[in-house]
Each structure stands twice: as structure tokens, then as C-alpha cells.
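Following: one structure in C-alpha cells, then a few remarks.
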Amino acid sequence: MRPESAHTIHSRAHVPYDNANEAATGNMQAYLGGESTRNPVDLINPANYGKLASVQELPAPEDILPHRPPFLFLTAITYLVPGKEARGNWQLTGDEYFFAGHFPGRPTLPGVLMVESLAQLGAVAVLSHPLYRGKLPLFGGIDKARFRNQVLPGDRLELEVSLDHLSARGGRGHGVATVTGKLACQAGLLFVLANR
């Protein structure tokens, strides 16, 4: 990962974009399968790679992912290099359905959902690349998952995923999840790419 200041990470990101090109936005809407009320980033045009966009110009997770609530475990994308890496977060409100049963009187985020949130962020990095649009990343495996700290209602899980290998058939990467700078989870992620 390239070193950048904390200010840069949270206020600027490397993403393809074109504010003035309504046609590009229309292409993204077609890519997503319908009309959108958002003004999403143009993730299709490789000519825009390397340009800077503000966090406000980054797409929402649901603009890229096929996941929807209650199984969307990503609140925001804060940094994106298509096909390489992504950062984002999952803000836990305490109203999530799983807290009632895991565990009554001591609600704790299940570790498997931390890994799923990392996988969803990894899918953002994959699907934002034009070579992989229309694909569906599926888990192929999880390596060396480790859970270090509990995540509680009201916490914001900060997520970071880097893709180590990406091909037409699948790939691998690794992810780290933290809460207030403390490691909560880390895991190697293996995935295959299926057609939607």
C-alpha cells in the first residue's frame, strides 16, 4: 500500500471519475441495471484512472455491490483503487438483527460477519474495475482468520482490503478490520469470479 497522510486517506481517493460527463453517469446506471438517484462515479472509463476524486464523489457500496440489507455490511467507501485496494467502514447502530441473539445481554458482532464485511469491500475493489463488471465474486476460501478484539453496538469497523492477485477466474487478497485503531480481525480472502 502506498503511504499517505491520514488527511489524504480520508479526504481524497484514487478513483476513476468524470463530474461533467452525464453520459458516463448514464453508462454507470446501465451497468448497475437501472436508474439511480445518485450521481455515481464513472467506474467504466479507464481513461479516468489515476484522477483524484473527493470522498463525496466515491460511489455508495450499493452502487457497486449486488448485496442489499439485511446482508449489506458496508456503510461507506473511503478510498478506492479499482482492481487493487479499497478502504471503507461499517457503522454498527446496535439495531442490527444479529445483536439480539449474539449474545443476549452482551451483544457482540459475530466474527464471521467481520470477515464478510471485508469480503464485501474486496468485492468493491474487484467490481469497480471494468474488466470484472458483470461478475460475481464468491468466496473460495478464508485463510488465517484471526479475531483480536470484540466489536460492539455503536462501534465503527474500519476496513482495509488489498488484492494480491486478480485474474479472469478469481483471486486472493487480505483484509484488516479495526475499531478505534485496535485490530479486530484480519484474514486472507480467496475468491472465484462467476457470471451474474
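So the values come out like this:
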quantity	calculated
Top-ranked residue in the range 140-179 [being exposed (fewer than 14 other Cβ atoms within 10 Å of the Cβ) and either without any contact (Cβ under 8 Å) to a residue 12 or more places away in the chain or within 16 Å of the chain's Cα centre (by Cα) (or both); ranked as farthest from residue 116 (Cα to Cα)]	167
Those residues of the range 97-133 which are of a type outside the set (A, V, I, L, M), within 21 Å of residue 148 (Cβ to Cβ) and in contact (Cβ under 8 Å) with a residue 24 or more places away in the chain, in sequence order	99, 107, 108, 111, 116, 117, 120, 122
Residue 133 vs. criteria modelled with pLDDT under 95 and surrounded by 13 or more Cβ atoms within 10 Å (Cβ to Cβ)	yes
Subset tally (residues that are of a type in the set (Lys, Arg), farther than 18 Å from residue 86 by Cα and at pLDDT 95 or above) for the range 141-196	5
The range 101-130, subset surrounded by fewer than 20 Cβ atoms within 10 Å (Cβ to Cβ) and among the aliphatic types (A, V, I, L, M), residue farthest from residue 62 (Cα to Cα)	112
Pair list, Cβ < 9 Å and 6+ apart or interchain, from the range 180-196 residues that are of a type in the set (A, V, I, L, M, F, W, C) to residues that are exposed (fewer than 10 other Cβ atoms within 10 Å of the Cβ) and part of a strand (DSSP E or B)	187/144
Residue list for the range 90-100, filter: surrounded by fewer than 19 Cβ atoms within 10 Å (Cβ to Cβ) and not small (Gly, Ala, Ser)	91, 93, 95, 96, 97, 98
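The values are calculated or read from the model by the stated rules, or taken from the named source; none is laboratory data. Just so it is clear, the structure is predicted and the values come from calculations on it, not from any experiment. Positions of Cβ are backbone-derived with ideal geometry, glycine not excepted, and every protein chain shown enters the neighbour counts.
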